[in-house]
Amino acid sequence: MFDFASVTGWIDGFLRSHLSSALSFFIECVLIGLTILVAYAVIALIMILAERKVCAAFQCRRGPNRVGPWGLFQTVADMVKILTKEIMEINHVDRFLYNLAPFVVIIASVLAFSCIPFAKGLQVLDFNVGVFFMMAVSSIGIVGILLAGWSSNNKFSMIGAMRSGAQMISYELSIGLSLLTIVVLSGTMQLSEIVEAQNDLWFIFKGHIPAFIAFVVYLVAGTAETNRGPFDLPEAESELTAGYHTEYSGMHFGFYYVAEFVNAFIVASLATTLFLGGWMPLHIPGWDGFNAAMDYIPSILWFFGKTALMIFILMWFKWTFPRLRVDQLLTLEWRYLLPLNLCNLLVMVAVVACGWHF
Amino acid sequence: MLNLTLFVVVILTAIALVAAGWGIGAWISPRTYNPQKGEAYECGIPTRGRSWMQFKAGYYLFAILFLMFDVETVFLFPWAVVVRDMGINGLLSVLFFLVILVLGLAYAWRKGALEWK
Amino acid sequence: MENGSLASTLVFFILAAVMVVCSILAVTTKKILRAATYLLFVLFATAGLYFYLNYSFLGAVQLTVYAGGIIVLYVFSIFLTSTDEEKNRPIRSYRRWLGFIAASAGTLLCVYLFNAMPWGDAYHAKGAEVPVKAIGNALMSADKFGYILPFEALSILLLACIIGGIMIARKRR
């Protein structure tokens with residue numbers, strides 16, 4: 001199986017043979033930064049295009065089809081257009097917080113993004129508290145949204161931000177507990193080790209019933225955490241115009257838009273990593289020929305294939321279910337998902353303690 | 001040490017992303033002035049009152065419940081890492097912890113704190 | 001590595017400067033939500049300090065509980081207050097004195113702790129990340145230095161907090 005560590009190792013060796021060690025270290029840092037920047041932007045563009053295409057397919061429309069073949073460059077054109085739009089500030093905004101909020105949202109999103117193991121040897125941040133770290137940094141985004149809503153001096157923004165805050169903190173609990181269920185099964189929090197541990201079988205099969213329940217809970221909570229439909233009431237356009245980013249224009253608005261889509265990608269890729277083996281090919285213990293055949297498919301294709309499937313499911317949710325009311329939303333989390341999750345955690349511990357997993 | 005360096009690099013990247021997008025946007029976009037533009041985008045008629053209004057206590061209640069269960073999750077993470085090695089002891093040691101917290105949840109449920117009124 | 005230790009010392013002093021400056025700004029600013037934001041920066045820098053010392057678990061805890069939980073709770077409590085009395089009422093002089101006494105006591109305590117603490121090279125990053133398994137084993141062990149009893153007692157503390165929070169919020173309604 002192709003290991004991306006060989007590519008990075010080659011670049012490292014090449015730089016070190018020509019330059020001093022401090023300079024090559026600096027260049028490597030810049031290269032890593034640029035790679036993250038480009039990957040972040042490209043994934044955001046692909047996500048937005050996919051959303052529009054999938055939405056069109058669900059509504060029996062064509063979707064964007066004029067710019068480039070099959071409308072592939074539509075979102076690139078959109079990006080150029082949004083850059084040329086005026087960035088304006090309305091009266092009486094708290095200018096410092098208003099301008100700070102996009103930074104907080106984007107920093108949270110980029111930090112979580114850089115923890116994802118995209119392929120074998122292709123991961124930037126690999127803390128030994130990986131899963132927990134991702135949960136921690138994504139909780140920073142809530143503060144950014146609250147600041148954006150408050151500083152905008154707009155009642156719709158304010159209500160949108162409050163709803164968003166209440167929704168995101170509630171569903172973060174479910175995310176945490178369903179991740180905890182998988183940590184119990186894997187015995188580690190480091191994302192690279194979690195992927196390696198799925199070498200013999202993916203966790204969703206290894207942990208069978210409790211893992212599957214955790215998977216479903218995670219998908220529901222992840223959809224709510226990213227404010228996507230049917231949980232999109234913070235930005236319910238028919239009642240709140242646009243929610244917390246009503247008063248942002250041009251590229252300022254673009255940051256929220258991009259962060260929202262990349263956060264959906266992060267949720268999908270974390271589901272892939274924890275439940276569906278990440279970049280690990282489908283290995284079934286005992287079937288050596290089958291396993292060897294699966295290894296021929298590059299790890300990056302496995303990762304993006306599974307993530308694309310997860311993203312499609314998230315979009316399917318969005319375009320199928322009607323929007324929830326705020327009381328239904330909180331009831332779902334606090335009365336159903338949270339007790340279910342706690343029970344599920346105990347079931348998983350029992351399964352692991354008694355060795356009933358595969 | 002390596003992780004810390006990468007951490008700093010990633011944060012700087014995120015700041016650079018926002019700064020670059022904002023800078024380019026501010027540089028190539030037009031700027032016009034119009035007194036109407038400074039109005040809040042609310043209803044079309046001039047807005048009344050301040051937008052910083054008093055919100056209901058429900059939000060605060062959910063925030064405090066969240067905080068309690070968040071702290072609980074934080075303490076369960078190190079436990080979850082070792083429970084595999086501890087076997088049945090791991091289950092017993094956390095059972096008390098979870099039962100007490102479920103009592104808290106049941107109390108909140110009973111008092112109607114989990115309802116949105 | 002001379003270069004590396006210089007850079008890491010620099011990181012430490014940047015974090016310390018952020019903490020000091022933002023703490024001062026948090027108490028001097030007139031807008032309450034800005035004060036919460038500056039406090040958020042102080043908490044971020046504290047988390048950064050933990051990551052810098054390779055206590056990545058503690059750093060992540062700091063981010064989740066303080067930056068993601070406490071600050072959101074503060075913001076929600078700020079939104080609970082009514083804005084009518086936002087006019088700056090002059091502080092009464094006896095309160096000023098009380099504040100001065102409290103601040104001096106805090107300063108004295110800090111100076112004492114500074115002197116009592118064996119600094120050495122405490123602000124240099126240590127070896128490798130603390131393994132989570134070690135934390136878990138310490139938390140779950142019933143030995144002399146185990147933390148199983150505090151861990152179980154914590155659940156009762158959390159229960160008390162839940163009940164207290166509900167009581168206060170219901171009274172306010």
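The values are calculated or read from the model by the stated rules, or taken from the named source; none is laboratory data. Remember, it's a predicted structure, so these values are computed and weren't measured experimentally. Quick reminder, even Gly has a Cβ in these numbers, built from the backbone with ideal geometry, and neighbours come from all protein chains shown.
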Exercise. Is there a residue in segment B:8-31 that is surrounded by fewer than 19 Cβ atoms within 10 Å (Cβ to Cβ), more than 7 Å from chain A (Cβ to nearest Cβ) and over 28 Å from C:A45 (Cβ atoms)?
Worked result: yes
For this session: Name the single residue, out of those in segment B:61-111 being over 12 Å from C:I163 (Cα atoms) and of a type in the set (G, A, S), that is farthest from the chain's Cα centre (by Cα).
Result: B:G87
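Every residue, every condition in (1) in contact (Cβ under 8 Å) with a residue 24 or more places away in the chain; (2) of a type in the set (G, A, S); (3) more than 23 Å from A:Y171 (Cβ to Cβ); (4) surrounded by fewer than 21 Cβ atoms within 10 Å (Cβ to Cβ), yes or no:
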| site | (1), (2), (3), (4) |
| --- | --- |
| B:F69 | yes, no, no, no |
| B:F77 | no, no, no, no |
| B:V81 | no, no, yes, no |
| B:I88 | no, no, yes, yes |
| B:L91 | no, no, yes, yes |
| B:V99 | no, no, yes, yes |
| B:Y107 | no, no, no, yes |
| B:G112 | no, yes, no, yes |
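For segment A:56-87, enumerate the residues that are within 14 Å of chain B (Cβ to nearest Cβ), in a helix (DSSP H, G or I) and surrounded by fewer than 16 Cβ atoms within 10 Å (Cβ to Cβ). Explain how you work it out, then say what you get.
Taking segment A:56-87 first, the residues within 14 Å of chain B (Cβ to nearest Cβ) are A:78-87.
In the following step, the residues that additionally are in a helix (DSSP H, G or I) were identified as A:78-83.
Result: A:V80, A:K81.
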Exercise. Can B:P46 be described as facing chain A (nearest Cβ under 9 Å), under 30 Å from A:S157 (Cα atoms), of a type outside the set (F, W, Y) and part of a loop (DSSP other than H, G, I, E, B)?
Worked result: no
For this session: Evaluate the following for A:I106: is it in contact (Cβ under 8 Å) with a residue 24 or more places away in the chain, over 25 Å from A:S269 (Cα atoms), within 8 Å of another protein chain (Cβ to nearest Cβ) and of a type in the set (A, V, I, L, M)?
Result: no
Exercise. With A:E172, A:E193 as the choices, which residue is surrounded by fewer than 24 Cβ atoms within 10 Å (Cβ to Cβ), part of a helix (DSSP H, G or I), within 12 Å of chain B (Cβ to nearest Cβ) and among the acidic types (D, E)?
Worked result: A:E193
Seminar exercise, completed: Expected single match for farther than 17 Å from A:G141 by Cα and surrounded by fewer than 17 Cβ atoms within 10 Å (Cβ to Cβ) among C:S8, C:S23 is C:S23
For this session: Note down all Cβ pairs under 7 Å where the first residue falls in segment A:1-25 and is among the aliphatic types (A, V, I, L, M), the second is part of a helix (DSSP H, G or I) and exposed (fewer than 12 other Cβ atoms within 10 Å of the Cβ), and they're at least six residues apart or on different chains.
Result: A:A22/C:N3
Exercise. Which of the residues that make up segment A:13-36 are over 29 Å from the mean Cα position of the chain (by Cα) and either of a type in the set (A, V, I, L, M) or closer than 30 Å to A:H283 by Cβ (or both)?
Worked result: A:L15, A:L19, A:A22, A:L23
Exercise. Which ones in segment A:129-161 are modelled with pLDDT under 85 and at the interface with another protein chain (Cβ under 7 Å from one of its Cβ atoms)?
Worked result: A:W150, A:N153, A:N154, A:K155, A:F156, A:M158
Seminar exercise, completed: Within segment A:29-52, residues being more than 29 Å from A:F312 (Cβ to Cβ) and buried (at least 18 other Cβ atoms within 10 Å of the Cβ) number 2
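For (1) over 17 Å from the mean Cα position of the chain (by Cα); (2) of a type outside the set (K, R); (3) more than 11 Å from A:F275 (Cβ to Cβ); (4) in a helix (DSSP H, G or I), each residue gets a yes or a no:
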residue	(1), (2), (3), (4)
A:F156	yes, yes, yes, yes
A:G160	yes, yes, yes, yes
A:G165	yes, yes, yes, yes
A:G176	no, yes, yes, yes
A:L185	yes, yes, no, yes
A:M189	yes, yes, yes, no
A:N199	yes, yes, yes, no
A:F215	no, yes, no, yes
A:L219	no, yes, no, yes
Seminar exercise, completed: Those residues of segment B:55-72 that are touching a Phe, Trp or Tyr at 6+ places or on another chain (Cβ under 7 Å) and either at the interface with chain C (Cβ under 7 Å from one of its Cβ atoms) or outside any helix (DSSP H, G or I) (or both) come to a total of 4
Problem set entry | Those residues of segment B:73-117 which are more than 7 Å from every other protein chain (Cβ to nearest Cβ) and on the phi > 0 side of the Ramachandran plot, in sequence order | B:G112
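Name the single residue, out of those in segment C:26-58 being among the polar types (S, T, N, Q), over 14 Å from the mean Cα position of the chain (by Cα) and in a helix (DSSP H, G or I), that is surrounded by the fewest Cβ atoms within 10 Å (Cβ to Cβ).
Selected residue: C:T28.
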